[in-house]
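Undergrad: Let me give you the structure first, and then I'll get to my questions.
The values are calculated or read from the model by the stated rules, or taken from the named source; none is laboratory data. Values in this document were obtained by computation on a predicted structure and should not be read as measured data. When we count neighbours, we look across all protein chains shown, and the Cβ atoms used for this are built from the backbone with ideal geometry, even at glycine. Quick note on the areas: whole protein, heavy atoms, side chains included, nothing else; ligands and nucleic acids left out. Shrake-Rupley method; radii C 1.70, N 1.55, O 1.52, S 1.80 Å.
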Amino acid sequence: MPHDPAAFRLDGNALAGPLAPVFALDPTTALRVCPACRMQATVGELHVYGPEPGLTARCPGCSQLALRAVQQPGHLWLQLGTGQGAFRFTLPAAGG
Amino acid sequence: MPSPPSGASAWRTARLLSREPQISTGRTLRFTVPDWPGHLAGQHVDVRLTADDGYQAVRSYSLAAPAEGDTVELGVQAAPDGEVSPYLADVLPIGAEVEIQGPLGGWFIWTPRDAGPLLLFAGGCGIVPLMAMLRARRAAGSAEPCTLLYSARSPDEVWYARELADPGPAEEIRLIYTRQAPPGDPRTTGRVGAQDLAGLPEPGSARCYVCGPTGFVEHVADLLQTAGHPRELIRTERFG
């Protein structure tokens, strides 16, 4: 299991800033039902590992992968769930 | 081209207005942020620093007080091996500019409209967003009872000590010392235990907010659930 309690230092509240450019609503209040263990948790309650090289959010009940967010200059890569593939959002110019 | 950001996702220029020591490694920083939209108690901001060579680093810091116009107050604890926090805490000159994104987060928040007793559990610098809640509660003149249980290593590690020594109406402050207590403290030093939760409002009515290092947050959340507080009324925020 990749779940290492010692390495887990953040929670989904820390995703508010990185995800703000691509969500019209605050994403941390969004509710997720874990497809693996059926636990309900808001994004703010997910266990988050990071910040480098990206933020990995896991179910607080069973640590199944919920989302990954990786920032690179000018872009945000967002993977939802455990599936392959990620969405690349082009961000507004830095300093704007 | 993406549309220009607005609201919480915009990066705003913030100028450092003042720096005030809280504990040996903790500082209150006040920034002026033109057109700050206001915020709720418990919210945070992301602070972005850009080096001369273009390298950028972003870190999250909690807002410690309700906004006063364009002025926001942050609590910054210098992490021993930190890349950003020691610079913000002790080096960034007064008048210098950083970029701030926010206000951020709608989960770990409290407003005076939230009915029911308020229970705040702080571990170390986890006090910062809870202080914003306490101050918002005082500013609103809330009559709901409020207890702050604040775990600190020793008396000189207590943030906002003067303000906390003078509790407001219907407010109780419990200081829990883990390593060294002041003379005469009847409690044996050590981490928060079930006995420290005695006399709190009934489970089911009180809203619980827990903030601090991950170990503290998990431990207190477990204590609260064991005492019968429903998970739906416990909100947590972990500091890295």
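Undergrad: Between the helical axis of B:214-226 and the dominant principal axis of chain B, each derived from Cα atoms, what acute angle in degrees is found, rounded to the nearest 10?
TA: 40 degrees
Undergrad: Other chains near B:94-107: what is the mean number of their Cβ atoms within 10 Å of each residue's Cβ? Before the final figure, lay out the partial values.
TA: Details: counts 0, 0, 0, 0, 0, 2, 0, 5, 3, 2, 10, 12, 11, 13.
Going residue by residue through B:94-107 and averaging, the value is 4.
Undergrad: Over the Cα atoms, compute the radius of gyration (one decimal) and Dmax (the largest Cα-Cα distance, rounded to a whole number) for the stretch B:74-130, in Å.
TA: That works out to 15.2, 43 Å for Rg and Dmax.
Undergrad: Continuing with this model, one more query. Roughly how many percent of the accessible protein surface of the stretch B:99-212 is carbon and sulfur, given a 1.4 Å probe and a whole-percent answer? Before the final figure, lay out each step's value.
TA: Numbers: 2440 of 4680 Å².
After summing per-atom areas, the C and S share lands at 52 percent.
Undergrad: Just to check, using Stokes-Einstein with a Kirkwood Rh over alpha carbon pairs, what's the diffusion coefficient of the protein assembly as shown at 25 °C and 0.890 mPa s in µm²/s? Can you show the working numbers first?
TA: On the way: Rh = 20.6 Å.
It diffuses with D of about 119 µm²/s by this estimate.
Undergrad: Over its Cα atoms, what ratio of radius of gyration to 2.2 N^0.38 Å does the stretch B:39-141 give? List each step's numbers first, then the result.
TA: Values: Rg = 14.9 Å, N = 103, 2.2 N^0.38 = 12.8 Å.
Compactness ratio reported: 1.17.
Undergrad: Now, a different point. Over the whole of B:232-239, what's the average partner chain Cβ count within 10 Å per residue? Rounded to a whole number, please.
TA: On the way: counts 1, 0, 1, 4, 5, 7, 9, 5.
Shielding by partners across B:232-239 averages 4.
Undergrad: With just the Cα atoms defining each centre, how far is the stretch A:23-76 from the stretch B:22-49? Give it in Å.
TA: The stretch A:23-76 and the stretch B:22-49 have Cα centres separated by 24 Å.
Undergrad: Just by accessible area at a 1.4 angstrom probe, what is the order of B:Ser60, B:Ser18 from largest to smallest?
TA: B:Ser60, B:Ser18
Undergrad: Antiparallel as a % of all DSSP beta bridges within the protein assembly as shown, to the nearest 5?
TA: Around 70 percent antiparallel, to the nearest 5.
Undergrad: A further question follows. Using only the alpha carbons of chain A, what is the convex hull's orientation-averaged projected area in square nanometres?
TA: Values: hull surface 25.3 nm².
Mean projected area of the Cα convex hull: 6.3 nm².
Undergrad: Just to check, using Stokes-Einstein with a Kirkwood Rh over alpha carbon pairs, what's the diffusion coefficient of the stretch B:1-88 at 10 °C and 1.306 mPa s in µm²/s? Spell out each step's value before the answer.
TA: Details: Rh = 14.1 Å.
Once the numbers are plugged in, D ends up at 113 µm²/s.
Undergrad: Using a probe of 1.4 angstrom, how much of the accessible area of chain A is carbon and sulfur, in percent? List each step's numbers first, then the result.
TA: Values: 2880 of 4920 Å².
Answer for chain A is 59 percent, counting heavy atoms of protein chains only.
Undergrad: Could you do me a favour and compute the accessible area per residue for the protein assembly as shown, 1.4 Å probe, result in Å²?
TA: For the protein assembly as shown, the per-residue accessible area is 46 Å².
Undergrad: On to the next question. Using the alpha-carbon atoms, what tilt in degrees (0 to 90, nearest 10) does helix B:127-140 show relative to the longest principal axis of chain B?
TA: Roughly 80 degrees between the two axes.
Undergrad: Hey, what did the stretch B:1-139 get for relative contact order, percent, Cα under 8 Å, at least 6 apart?
TA: On the way: 273 pairs, mean separation 43.4, N = 139.
Relative CO of the stretch B:1-139 lands at 31 percent.
Undergrad: With the radius of gyration and the Kirkwood radius both derived from the Cα set of chain B, what is their ratio Rg to Rh?
TA: Values: Rg = 18.2 Å, Rh = 18.6 Å.
Rg divided by Rh gives 0.98.
Undergrad: In addition: Which whole-number percentage describes the relative contact order of chain B, with Cα contacts under 8 Å and a sequence gap of 6 or more? Write out the running numbers ahead of the final one.
TA: Details: 489 pairs, mean separation 44.0, N = 240.
Computed over chain B, the figure is 18 percent.
Undergrad: If I take every Cα pair under 8 Å that is 6 or more residues apart in the stretch B:122-237, average their sequence separation and divide by the length, what percent do I get for the relative contact order? Working shown, then result.
TA: Values: 142 pairs, mean separation 31.8, N = 116.
Relative CO of the stretch B:122-237 lands at 27 percent.
Undergrad: Express as a percent, rounded to the nearest 5, the fraction of DSSP beta bridges in the stretch B:1-152 (both residues included) that run antiparallel.
TA: Working: 32 of 38 bridges.
Of those bridges, close to 85 percent are antiparallel.
Undergrad: Need one number: buried accessible surface between chains A and B, 1.4 Å probe, both sides summed, DNA, RNA and ligands left out, in Å² to 100.
TA: Values: alone 5890 and 11650 Å², together 15600 Å².
Roughly 1900 Å² of accessible surface disappears when A and B pair.
Undergrad: Averaged over peptide A:36-44, how many Cβ atoms belonging to another chain are found within 10 Å of each residue's Cβ?
TA: Working: counts 0, 0, 0, 0, 2, 1, 4, 2, 8.
So the per-residue partner count for this stretch is 2.
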